[in-house]
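The structure under discussion appears below in the form of structure tokens.
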């Protein structure tokens with residue numbers, strides 16, 4: 001059972017991710033939860049503090065999910081695909097309104113998310129690329145170059161301005177980036193594993 005604070009964070013996150021946060025009031029949050037605004041103020045001094053906690057909880061969940069995938073007992077190709085499915089599932093919950101509001105009205109939080117994405121993705125890719133090269137599933141390109149290409153591509157494509165102008169969903173953009181990059185770094189053996197994984201009812205979502 002979630003306590004009151006967790007319920008507020010969970011509900012607010014769902015609303016913010018879908019509608020953005022700038023125009024959402026604490027009265028609307030309270031009404032949606034069928035509680036008084038004073039109940040919210042017992043746990044959060046302001047909407048800004050609630051927003052910060054929503055972002056912290058989101059990043060904690062991302063860290064836990066990425067770490068679990070990185071430490072799982074499977075080959076590197078499956079780890080890449082698991083990361084894609086996990087990340088695209090999270091991104092599917094986010095609207096361009098959420099990202100636009102962050103960039104415009106909470107740039108510090110946007111930077112925090114961007115830094116997290118870069119740092120955690122860097123750590124994940126470092127481990128999995130080295131594993132893949134030992135397994136002969138990933139080509140022997142210098143890992144720092146592969147990592148930089150992945151991170152730069154993700155940061156360029158998974159952003160509200162590009163997605164709005166190209167009319168792509170976060171999920172489709174993430175899948176396309178990974179699809180293109182994976183096919184560029186996998187060996188013939190790695191591509192077979194990738195193809196087999198997709199054909200055994202474990203297709204990328």
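The values are calculated or read from the model by the stated rules, or taken from the named source; none is laboratory data. As the structure is a prediction and not an experimental result, all values here were calculated from the model. For neighbour counting, all protein chains shown are included, and Cβ atoms are generated from backbone atoms with ideal geometry for every residue, glycine included.
Per-residue answers, yes or no, for (1) exposed (fewer than 15 other Cβ atoms within 10 Å of the Cβ); (2) out of contact with any strand residue (DSSP E or B) (no Cβ under 8 Å at 6 or more places or on another chain); (3) at negative phi:
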site	(1), (2), (3)
76	no, no, yes
84	no, yes, yes
97	no, yes, yes
100	no, yes, yes
108	yes, yes, yes
111	yes, yes, yes
121	no, yes, yes
130	yes, yes, yes
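Yes/no per residue for (1) in a helix (DSSP H, G or I); (2) without any contact (Cβ under 8 Å) to a residue 40 or more places away in the chain:
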| residue | (1), (2) |
| --- | --- |
| 16 | yes, no |
| 24 | no, yes |
| 29 | yes, yes |
| 51 | yes, no |
| 59 | yes, no |
| 67 | yes, yes |
| 78 | yes, no |
| 83 | yes, no |
Worksheet item: In the stretch 91-108, how many are over 13 Å from residue 20 (Cβ atoms), in contact with a helix residue (DSSP H, G or I) (Cβ under 8 Å, 6 or more places away or on another chain) and outside any loop (DSSP other than H, G, I, E, B)?
Response: 1
Worksheet entry | Of all residues in the stretch 31-40 being in contact (Cβ under 8 Å) with a residue 12 or more places away in the chain and not in a loop (DSSP other than H, G, I, E, B), the one that is nearest to residue 107 (Cα to Cα) | 40
Worksheet item: What do you reckon, is residue 201 within 24 Å of residue 74 (Cβ to Cβ) and either modelled with pLDDT under 80 or in contact with a helix residue (DSSP H, G or I) (Cβ under 6 Å, 6 or more places away or on another chain) (or both)?
Response: yes
Discussion item. Here is a list: 126, 176. Which entry is surrounded by 13 or more Cβ atoms within 10 Å (Cβ to Cβ), at pLDDT 85 or above, assigned to a helix (DSSP H, G or I) and in contact with a helix residue (DSSP H, G or I) (Cβ under 7 Å, 6 or more places away or on another chain)?
Written reply: 126
Practice prompt. Please enumerate the residues belonging to the stretch 132-142 that are assigned to a helix (DSSP H, G or I) and either at pLDDT below 95 or loosely packed, with under 15 Cβ neighbours inside 10 Å (or both).
Written response: 134
Worksheet, complete the sentence: Note on residue 72: of the conditions (1) over 30 Å from residue 194 (Cα atoms); (2) in contact with a helix residue (DSSP H, G or I) (Cβ under 7 Å, 6 or more places away or on another chain); (3) loosely packed, with under 15 Cβ neighbours inside 10 Å, unmet is (1)
